[in-house]
Amino acid sequence: QVQLVESGGGLVQAGDSLRLSCAASGRTFSNYAMGWFRQASGRQRELVAAITWTGGSTLYIDSVKGRFTISRDYAKNTVYLQMNSLKPEDTAVYYCAAAPRQKNYNYPSAYDYWGQGTQVTVSS
């Protein structure tokens, strides 16, 4: 089992920045790719950004490229999502998730463990 706890959400204005954190505990953090998902009201959950178990590769959906950065700190067992130039359409509940390293982190179905989510609200 992997336990994931997100923090850092809040209410901000368009153009502001936020950094989300996800603290992992339980099994070896380095054995998992990590992803950030979001779900806006009335919409399906989507994979926003992900990072491999080695930290060597990342992926982003087009709408956040150049604005969001995912990173991980192995010493702290934490993954981050730095969000800059936030837009109202970024408003959603953001979830952290972990995928075993043998699975393809591109696919939402690869993620076995989930956090409880943190709300991000961007006002215009």
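Miscellaneous remarks
- Among the numbered conditions (1) surrounded by fewer than 19 Cβ atoms within 10 Å (Cβ to Cβ); (2) part of a loop (DSSP other than H, G, I, E, B), the only one that Leu86 does not meet is (1).
- Residues of the stretch 107-124 that turn out to be of a type in the set (S, T, N, Q) and within 10 Å of Gly9 (Cα to Cα), as a count: 3
- Some residue of the stretch 101-114 being under 13 Å from Glu6 (Cβ atoms), open to solvent by 60 Å² or more (accessible area, probe 1.4 Å) and within 14 Å of the chain's Cα centre (by Cα): yes
- Selection count, the stretch 2-54, where residues are under 20 Å from Ala99 (Cα atoms) and either open to solvent by 30 Å² or more (accessible area, probe 1.4 Å) or modelled with pLDDT of 95 or more (or both): 35
- Meets criteria (among the aromatic types (Phe, Trp, Tyr), over 14 Å from Phe29 (Cα atoms) and open to solvent by less than 40 Å² (accessible area, probe 1.4 Å)) for Tyr94: yes
- Test: residue in the stretch 52-61 that is small (Gly, Ala, Ser) and under 18 Å from Val5 (Cα atoms): no
- Contact map, the stretch 57-76: residues that are farther than 22 Å from Glu89 by Cα and without any contact (Cβ under 8 Å) to a residue 12 or more places away in the chain paired with residues that are among the hydroxyl-bearing types (Ser, Thr, Tyr) and open to solvent by less than 50 Å² (accessible area, probe 1.4 Å), Cβ distance under 9 Å, separation 6+ or inter-chain. Pairs shown: Ser57/Tyr105; Asp73/Tyr80.
- Those strands (runs of 3 or more DSSP E) of the stretch 13-81 in which at least 2 residues are out of contact with any Asp or Glu (no Cβ under 6 Å at 6 or more places or on another chain) and either basic (Lys, Arg) or within 21 Å of Val122 (Cα to Cα) (or both), considering only elements entirely within it, cover 18-26, 32-39, 46-51, 68-73.
- Any hit, the stretch 77-91, residues being under 16 Å from Leu20 (Cβ atoms), touching a strand residue (DSSP E or B) at 6+ places or on another chain (Cβ under 8 Å) and of a type in the set (Phe, Trp, Tyr): yes
The values are calculated or read from the model by the stated rules, or taken from the named source; none is laboratory data. None of the values given here were measured: they were computed from a predicted structure. Cβ: placed from backbone, ideal geometry, glycine included. Neighbour counts: every protein chain shown. The area values use the complete protein model at the heavy-atom level, side chains included, leaving out ligands, DNA and RNA. Shrake-Rupley method; radii C 1.70, N 1.55, O 1.52, S 1.80 Å.
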